[in-house]
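Undergrad: Below is the structure I would like to discuss, written out as C-alpha cells.
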Amino acid sequence: MPSTHSNGVPIPWQEEGAGPPLLLIMGFSYSSRLWYPAIPELARHYRVISFDNRGTGHSGSASGFALGDM
C-alpha cells in the first residue's frame, strides 16, 4: 500500500478505478477498511481514493498523541 507522510507520520492510501476522483474520508477513529464493501462499485465510475486517518488502520500516530486522549 503506498503512503505519504504528515509531520513524519506515515499515512497509507490506496486508489482503484478510473474517472473523476472520489476521496473517501472515514470518520474520526475508524480505518479505511470499512469502505471496502463500497469501493468495487464506486470504482466502476470513479477513481476512488481512500486513506487511513492518523492513528487508525495502518497509519502511524504522532508521538504523545492517542485517540483515547480526546
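The values are calculated or read from the model by the stated rules, or taken from the named source; none is laboratory data. Because the structure is a prediction, the values reported are computed rather than measured. Note: areas computed on protein heavy atoms with side chains; ligands, DNA, RNA excluded. Shrake-Rupley method; radii C 1.70, N 1.55, O 1.52, S 1.80 Å.
Undergrad: Through the Karplus equation 6.51 cos²θ - 1.76 cosθ + 1.60, θ set to phi - 60°, convert the phi angles of segment 13-28 into ³J(HN,Hα) values in whole Hz; use x for Gly and Pro.
TA: Each residue of segment 13-28 in turn: 9, 8, 9, 8, x, 9, x, x, x, 10, 8, 9, 10, 6, x, 2 Hz.
Undergrad: How do Tyr46, Tyr30 stack up against each other in accessible area, from largest to smallest, with a 1.4 angstrom probe?
TA: Result, largest first: Tyr30, Tyr46.
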